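Just so it is clear, none of the values below were taken in a lab; they were calculated from the coordinates. Every value quoted in this text rests on a predicted model; they were computed, and no experiment measured them. Heads up, the Cβs are rebuilt from the backbone with ideal geometry, glycines too, and the neighbour counts pull from every protein chain shown.
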Amino acid sequence: MTFGHGSYIDYPRWPQLAREAYSLDLSHVRENVPEYVEGIVISGMGGSGIVGDIVRDYLTFLGYDKPVIVVKDLQLPKFVANRKFLVVTVSYSGNTTETIRCLEECIRRNIPVVTVSTGGKLEELARQHSVPHVKIPKATAPRYGLPCLLYPTLRVVELVERSLASKIREHVEASIKAIEEAIEDYLTHVKELSRKLVNKLAMIYVPQPLISIGIRFKNDMNENAKQPVVVCPLPESEHNDIAIHARKHDFLEVVLVRSRSLAGTEYEKHVNAVEQILRQYGVDIHALDLKGGNVLAEIMYGITLLGMLTIDVAHLAGIDPVKIEVIDNVKKYVSK
Ligand code: F6R
């Protein structure tokens, strides 16, 4: 059952969308961003908000020594106005109330801001207030347009942190290849896992530095398959979530994310410990080995592969992955 959409909606186009979005003309942004920033704030919700999580995980791994603050809220932290932060407001539609509020706050308090959207109120406000706007290509729905949202945001980061630009460019290219590899790997040897996850509660154990993969998997499973997921960051979940495996729970399926970028770090030991101890308790673990050669590529590999998985889970459950009527109803209510 594909509900009138191609089996994997926009996923087969992700590499092409990524290249297109990364090569947008941003000269108007370059001329309007500050020469120096003390930190970066990324504001957005849901399928747009995940951009902030990915950029934070990636820049942290690069050793970026300034704060990267992810705002999934109606307001910015108070300290943002008093310091030289750049705010990037990201909304696929450009019409999300929370993100519009953050943009309005930047305009009101004179905080440097760049907007990223396909159009909507964000673009309109940007035009009225001479805020540099990045108009991005369209997809079937916000979450399927992740490459359109992420890659231009990384370009904005390059423009304010020029010393990182060549490293980011190199990693972006590898990450697009990782998306291609994830699509291939999913179809050839991961697809079967979707059968095990239908109508189950998936717990995803994921090292904290790659938490964006867990957050995105939860969001994709929620929105595509209309199923819950528990995100278990390591090491924190070693102090709570793992306790439940002392009992057997038939409704659970466990996914464990393993990363080569973290090989040789303390995180590797924590991932191995959880894997081994859970197996001793008889837990059947579905291990996901990330590929890509750098953290950005690994994140996009994991997100692409798990995203496709949630679409198959939706189809197997007889659910339309695209329709998200409960979200639409709440959005209508709050925007009244
Ligand atoms: C829908 C989706 C949602 C939206 C969120 C914010 O595909 O992924 O999580 O991303 O409701 O809307 P936008 O992205 O338009 O700001």
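Please go through (1) surrounded by 18 or more Cβ atoms within 10 Å (Cβ to Cβ); (2) in contact (Cβ under 8 Å) with a residue 60 or more places away in the chain for residue 62 and return the number of the only condition it doesn't satisfy.
(1)
Quick one: count up the residues across the range 216-248 that are without any contact (Cβ under 8 Å) to a residue 40 or more places away in the chain and more than 16 Å from the ligand (Cβ to nearest atom).
Looking only at the range 216-248, we keep the residues that are without any contact (Cβ under 8 Å) to a residue 40 or more places away in the chain, and these are 218, 222, 228-233, 235-248.
Applying the additional criterion that residues be more than 16 Å from the ligand (Cβ to nearest atom) yields 230, 232-233, 235-248.
Number satisfying all stated conditions: 17.
Please work out which one of (1) in a helix (DSSP H, G or I); (2) among the aliphatic types (A, V, I, L, M); (3) buried (at least 22 other Cβ atoms within 10 Å of the Cβ); (4) in contact with a Pro (Cβ under 7 Å, 6 or more places away or on another chain) is the condition residue 183 fails and give its number.
(3)
Test residue 80 against the criterion of being assigned to a strand (DSSP E or B) and surrounded by 17 or more Cβ atoms within 10 Å (Cβ to Cβ), and give yes or no. Write out each step before concluding.
Values: assigned to a strand (DSSP E or B): no; surrounded by 17 or more Cβ atoms within 10 Å (Cβ to Cβ): yes.
Taking the combined requirement at face value, the residue does not satisfy it.
Mind listing just one residue for me: the one in the range 181-191 that is under 10 Å from residue 309 (Cβ atoms) and not aliphatic (A, V, I, L, M) and, of those, farthest from the chain's Cα centre (by Cα)? First the steps, then the outcome.
Within the range 181-191, the subset under 10 Å from residue 309 (Cβ atoms) is 186, 190-191.
In the following step, the residues that additionally are not aliphatic (A, V, I, L, M) were identified as 186, 191.
Values: 186: 18, 191: 21 Å.
In this case the residue turns out to be 191.
Matching residues to (1) in contact with a Phe, Trp or Tyr (Cβ under 6 Å, 6 or more places away or on another chain); (2) free of Cβ contacts under 8 Å to residues at least 60 places away in the same chain; (3) not in a loop (DSSP other than H, G, I, E, B):
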residue	(1), (2), (3)
89	no, yes, yes
107	no, yes, yes
111	no, yes, no
121	no, yes, yes
124	no, yes, yes
127	no, yes, yes
134	no, no, yes
138	no, yes, no
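Every residue in the range 19-59 that is among the aromatic types (Phe, Trp, Tyr) and surrounded by fewer than 18 Cβ atoms within 10 Å (Cβ to Cβ), please. Step through it out loud before you land on a result.
Kept after step one, since they are among the aromatic types (Phe, Trp, Tyr), are these residues of the range 19-59: 22, 36, 58.
Matches in the range 19-59: 36 only.
Step by step: first the residues of the range 57-74, then only those that are under 18 Å from residue 98 (Cβ atoms) and touching a strand residue (DSSP E or B) at 6+ places or on another chain (Cβ under 9 Å), then the one that is nearest to the ligand (Cβ to nearest atom). Which residue is that? Reasoning before the result, please.
Quick first cut of the range 57-74, residues under 18 Å from residue 98 (Cβ atoms) only: 69-74.
So of that shortlist, the ones also touching a strand residue (DSSP E or B) at 6+ places or on another chain (Cβ under 9 Å) come out as 69-73.
On the way: 69: 18, 70: 14, 71: 13, 72: 10, 73: 13 Å.
Looking at the filtered set, the residue picked out is 72.
Residue 93 passes all but one of (1) within 16 Å of the chain's Cα centre (by Cα); (2) in a loop (DSSP other than H, G, I, E, B); which number fails?
Checking residue 93 against (1) within 16 Å of the chain's Cα centre (by Cα); (2) in a loop (DSSP other than H, G, I, E, B), the one that fails is (1).
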